[in-house]
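Here's the structure, in structure tokens; my notes come after.
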Amino acid sequence: MADPRATDPAATDPATAATGPTAPGSAPSAGYAQDLSRALSLRENMLITLSSVTPASSVFIVMPAVIRGLGGAAAVAFALAAAVGVLMALCYAELSSAFPVTGGEYAFAARTLGRSTGFALFALSLLGGVLVTAVIALGTGSYLGVLWSALDGKGTGLAVIALASLVAVLDIRTNAWVTGVFLLLELAAVAVLAVLGFVHVDQPVSVLWTPQALGGAGGDVLVGASWGLVASFTTTAIFAYNGYGTAVYFAEETRRASSIGRVVLWSLGITVAAECLPLVGVLLGTPSMSGLMSAASPMSYFLLERAGSTVNTVVSLGIAVAVVNAVIAIMLQSGRLLFSSARDRAWPDRVGAPLASVHPRLRTPLAATLTMGVATLLVGWLVSLDTLILATGSTLVVVYVLVALSALSGRIRGTTATAPYRMRGWPYVPLGVVAIMLYVGYESVRADWRPIAIAVGMTAVGYAYYYAYLHPRRADRWTMPDPVREEDGGATG
């Protein structure tokens with residue numbers, strides 16, 4: 001009997017194999033229409049991407065936990081995390097240049113690992129996005145509270161979510177410049193830390209590679225710490241850099257989108273500089289390492305010691321701006337994620353058709369963005385902050401593993417063969433990411449098994465929905481059409 005693959009081109013086409021067969025008698029999937037406005041320059045895309053990373057929020061919210069745990073060796077943890085970030089950014093760069101689709105990571109996975117895994121990653125990204133946005137927004141009050149104590153509460157965070165949702169439905173260039181202005185303000189806040197530290201150096205340079213912890217009877221004496229502890233805190237530092245892959249969510253709205261990989265790499269580089277320079281400045285410029293590590297808010301301690309309460313208040317307001325900016329940027333991303341899933345026909349038509357619509361004048365996914373805003377408001381209102389933090393703890397591990405596997409599979413199966421950008425060091429780069437993330441997951445489970453269990457559970461929900469609803473209708477749903485490209489008529493806004 002003849003091999004059916006010899007007469008069926010689809011049977012040997014890796015792209016078709018990854019996305020599932022076309023139903024007999026149906027037409028092949030057409031490419032996406034250019035419904036969104038291709039109005040962004042690469043630089044404007046980078047402004048939104050960096051706002052999503054929000055370096056100032058990482059410096060003032062994430063970084064203090066590493067400082068309290070490691071002392072000066074926090075610099076080593078962030079250097080190691082930067083190396084991991086480079087490996088991950090290379091994966092993002094190649095995949096985003098191959099699939100410049102507003103769906104982001106799920107668009108990678110669906111086309112390289114299979115449609116079921118693509119939807120599972122979509123579910124994780126969507127639910128994780130809602131939770132992360134709520135966590136970030138609910139922290140706004142603690143910084144605005146230095147100006148007026150009445151603002152220090154959940155209501156302020158909910159107001160930020162509502163405001164960000166309304167801003168996010170505006171046209172994409174307006175959002176690029178709004179987030180760009182806010183980004184300059186937050187970078188000014190972290191610059192203050194760096195300058196104050198480097199002009200008041202009190203600690204020896206060796207402190208930067210000396211792991212220390214607080215010990216003694218009163219818990220205020222510096223003692224040596226292990227390098228294993230440095231490795232465990234590196235996982236937190238990896239989270240602080242996350243967000244540079246956001247650039248692909250705006251690929252369909254970016255001119256010269258084939259160069260989107262450059263935005264990813266530049267965004268990571270700027271993020272590392274914006275976070276590491278103030279970190280080193282604070283570690284070298286603190287008057288007391290034990291005082292810095294024992295402070296409830298190490299950055300506020302440093303600012304009060306080196307510049308006084310007025311500067312601390314002004315910088316705190318800058319961090320509030322950074323939080324608002326991050327919520328706007330992530331809301332832009334989340335709205336496009338939901339829009340992309342509806343465009344790929346993930347939902348019943350009564351639900352999916354409105355979510356896949358684009359406002360005729362603004363050229364933005366208005367319904368999808370407002371839906372994500374309402375969902376985030378409800379979660380922020382009904383769920384406690386501690387529960388939200390717990391639920392977001394390990395989603396990044398699963399996302400990074402699947403993106404790395406997508407980069408690995410894409411080359412093997414040929415689905416990324418047309419990528420304008422090709423990473424150097426393949427397959428060692430994605431294999432390295434997988435190995436590192438497995439170690440991170442192991443350390444996370446040792447510390448608390450619940451966050452990784454929640455992440456796996458959200459992924460399982462995605463698989464369940466896919467096989468219950470999408471797989472039986474796979475002929476015309478979740479078909480993963482070809483990405484829209486400028487040479488196919490998508491060059492104008």
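The values are calculated or read from the model by the stated rules, or taken from the named source; none is laboratory data. Here the structure is a predicted model, which means the values were calculated and not measured. For neighbour counting, all protein chains shown are included, and Cβ atoms are generated from backbone atoms with ideal geometry for every residue, glycine included.
Some observations on this one:
- Per-region count, segment 126-177, residues of a type in the set (Asp, Glu) and out of contact with any Gly (no Cβ under 8 Å at 6 or more places or on another chain): 1
- Some residue of segment 416-426 being of a type outside the set (Val, Ile, Thr), at pLDDT 90 or above, surrounded by 18 or more Cβ atoms within 10 Å (Cβ to Cβ) and within 30 Å of residue 362 (Cβ to Cβ): no
- Of all residues in segment 346-388, those satisfying the criterion of being surrounded by fewer than 16 Cβ atoms within 10 Å (Cβ to Cβ) and part of a helix (DSSP H, G or I) are 349, 350, 351, 353, 354, 374, 378, 381, 382, 385, 386, 387.
- Just one of (1) part of a loop (DSSP other than H, G, I, E, B); (2) at pLDDT 90 or above; (3) polar (S, T, N, Q) fails for residue 52. It is (1).
- Residue 64 being at pLDDT below 95 and in a loop (DSSP other than H, G, I, E, B): no
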